[in-house]
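J.: Here you go, one structure.
The values are calculated or read from the model by the stated rules, or taken from the named source; none is laboratory data. Remember, predicted model here, so these are calculated numbers, not experimental data. Here the Cβ is made from the backbone with ideal geometry for all residues, glycine too, and neighbour counts use every protein chain on show. With ligands, DNA and RNA removed, areas are computed over all heavy atoms of the protein, side chains included. Shrake-Rupley method; radii C 1.70, N 1.55, O 1.52, S 1.80 Å.
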Amino acid sequence: MKVKNILSWTVVFPILASVFYLAGFLTDTIFANVAGAILLFITVLAAVHHAEVVAHKVGEPYGTIILAICITILEVGLIISFMLSGGEGAMTYARDTVFAAVMLILNGILGICIWIGSWKYKEQFFMRSSATTYLVSLVAILVLTLILPNFTSSARGPIYNNTQLIFVSLACLVIYGSFLMLQTVRHRNYFIVAAPDDHTAHEAAPPSNAKTIASLVLLIVCLAVVIFMAKGLSPVIEDFVENIGAPRALVGVIIASVVLLPEGLAAIRTARNNQIQSSINLGLGSALASVGLTIPAVSVVCIMFDIPFVLGLDMKSIILLALSVFTVMLSLSRGKTNHLYGTVLLVNLAAYIFMVIVP
């Protein structure tokens with residue numbers, strides 16, 4: 001690897017963040033917390049870069065799958081570490097984080113991508129079949145994991161017993177596995193990004209094998225650093241939420257925002273390059289992986305360590321979730337976008353965040 005590449009910020013800062021955490025510099029002092037937050041943010045940006053290098057090498061739709069799974073690894077790592085620590089919000093942390101991730105993706109990432117792309121190009125076009133495929137799978141998994149627990153009678157409260165958790169986890173894996181088979185084998189053409197007629201998107205040459213391997217290794221390092229740094233900074237976030245008098249669910253929103261930042265930046269960049277299909281692949285693919293893989297992983301840990309695990313949403317959250325899914329369905333039903341769709345989705349996002357802070 002060339003000296004210039006070795007000294008790149010995408011290499012230097014993840015290493016600095018690793019040393020910062022492993023050396024125990026992340027303490028309770030203000031300076032340490034600020035430095036840790038800056039290193040965390042830059043490491044997330046570095047993760048975006050390395051994930052995009054790997055994704056560019058493997059091509060579509062495998063590239064967006066890699067990005068989505070990376071985000072899921074981040075999410076699962078954070079949720080499990082928090083639940084095993086047995087904190088105050090351990091029982092609802094998985095539910096709050098998964099719900100926050102889905103709401104941020106459906107309303108925030110997709111909303112910004114549609115809004116920015118539509119203002120720049122007026123209309124952007126994508127394969128309707130891809131959006132339908134994503135949403136069919138996502139709606140089924142969301143109902144099974146976040147809504148149905150409120151209506152079961154085998155266990156008290158909005159929870160599943162172990163047998164139900166195993167069944168729902170298997171159902172999620174079957175749906176997600178079937179979706180991957182469709183996306184990568186049987187109907188791969190649904191998700192391939194067509195070159196725009198105006199040639200606004202410039203396709204760079206794929207990276208070399210050496211650069212791809214180096215980026216893959218650095219991507220794994222970045223993911224690990226983000227998980228541990230975010231966990232180390234979580235008490236600061238929790239204290240901030242408590243000091244402003246907001247519900248603890250806001251912690252899940254903040255952590256989900258950090259985890260989804262790489263995905264969001266990558267999706268926004270592709271929308272600006274007139275590749276809205278890639279943005280949809282990134283956004284909806286991440287939402288599907290976020291629920292379809294996270295819930296089974298967390299369920300295994302909860303069953304093994306006998307941790308109470310609340311899944312069911314309250315009625316207000318169910319209404320907001322239904323509004324978001326229904327709006328996304330209508331927005332993606334015609335195969336083309338305009339700025340109104342993005343505006344409505346962003347308003348939905350603002351309503352969700354407002355209701356979290358002012359319940």
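J.: Taking into account only those residues within the range 181-200 that are assigned to a loop (DSSP other than H, G, I, E, B) and surrounded by 11 or more Cβ atoms within 10 Å (Cβ to Cβ), which is modelled with the lowest pLDDT?
T.: Only one residue tops the list, namely Thr200.
J.: Any residue in the range 163-180 that's open to solvent by less than 90 Å² (accessible area, probe 1.4 Å): show its pairings with residues that are aromatic (Phe, Trp, Tyr) at Cβ separation under 7 Å, as long as the two are six or more apart or on different chains.
T.: Pairs found: Val168/Tyr160.
J.: Check Ala256 against each of (1) over 12 Å from the mean Cα position of the chain (by Cα); (2) open to solvent by less than 10 Å² (accessible area, probe 1.4 Å) and name the one condition it does not meet.
T.: Tallying (1) over 12 Å from the mean Cα position of the chain (by Cα); (2) open to solvent by less than 10 Å² (accessible area, probe 1.4 Å), Ala256 fails exactly one: (1).
J.: Failed condition for Leu216, given (1) at pLDDT 80 or above; (2) in contact with a Ser or Thr (Cβ under 8 Å, 6 or more places away or on another chain), with all others met?
T.: For Leu216, the exception is condition (2).
J.: Right, next: Search the range 17-44 for residues being open to solvent by 90 Å² or more (accessible area, probe 1.4 Å) and closer than 21 Å to Pro262 by Cα, and hand back the single one that is modelled with the highest pLDDT.
T.: Looking at the filtered set, the residue picked out is Ile38.
J.: Which number in (1) under 29 Å from Tyr190 (Cβ atoms); (2) open to solvent by less than 40 Å² (accessible area, probe 1.4 Å); (3) not hydrophobic (A, V, I, L, M, F, W, C) marks the one condition that Arg272 misses?
T.: Arg272 satisfies all of (1) under 29 Å from Tyr190 (Cβ atoms); (2) open to solvent by less than 40 Å² (accessible area, probe 1.4 Å); (3) not hydrophobic (A, V, I, L, M, F, W, C) except (2).
J.: Quick one: Cys70 ticks every box in (1) under 23 Å from Tyr352 (Cα atoms); (2) buried (at least 22 other Cβ atoms within 10 Å of the Cβ); (3) at pLDDT below 90 bar one, so which box is it?
T.: (1) is the only condition that Cys70 fails.
J.: Follow-up question, since we're still on this one. Of everything in the range 232-248 that's open to solvent by less than 80 Å² (accessible area, probe 1.4 Å) and farther than 16 Å from Thr97 by Cβ, which residue is modelled with the lowest pLDDT?
T.: The qualifying residue modelled with the lowest pLDDT is Pro235.
J.: Considering each residue of the range 312-329, count those that are of a type in the set (Val, Ile, Thr) and either open to solvent by 30 Å² or more (accessible area, probe 1.4 Å) or more than 24 Å from Trp119 (Cα to Cα) (or both), and give that number.
T.: Residues meeting the conditions: 2.
J.: Name the residue that is nearest to Ser81 (Cα to Cα), counting only residues in the range 295-311 that are within 20 Å of the chain's Cα centre (by Cα) and open to solvent by less than 20 Å² (accessible area, probe 1.4 Å).
T.: Going through the qualifying residues, I end up with Val298.
J.: Another question, if that's okay. Filter the range 330-342 for residues that are touching a helix residue (DSSP H, G or I) at 6+ places or on another chain (Cβ under 6 Å) and open to solvent by 50 Å² or more (accessible area, probe 1.4 Å) and give the result.
T.: His339
J.: Let me ask you something else. Where the second residue is in a helix (DSSP H, G or I) and open to solvent by 10 Å² or more (accessible area, probe 1.4 Å) and the first is over 15 Å from Ile353 (Cα atoms) and lies in the range 97-114, which pairs have Cβ atoms under 6 Å and are six or more apart or on separate chains?
T.: Ile112/Ile268; Cys113/Ile268; Ile114/Tyr341
J.: In the range 145-162, which residue that is exposed (fewer than 12 other Cβ atoms within 10 Å of the Cβ) and of a type in the set (Gly, Ala, Ser) is modelled with the lowest pLDDT?
T.: Ser154
J.: Can you find, within the range 87-129, the residue that is most open to solvent (accessible area, probe 1.4 Å) among those that are of a type in the set (S, T, N, Q) and touching a His at 6+ places or on another chain (Cβ under 9 Å)?
T.: Ser129
J.: Farther than 24 Å from Ala32 by Cβ and either small (Gly, Ala, Ser) or outside any helix (DSSP H, G or I) (or both) - does that describe any residue in the range 220-238?
T.: No, that holds for no residue.
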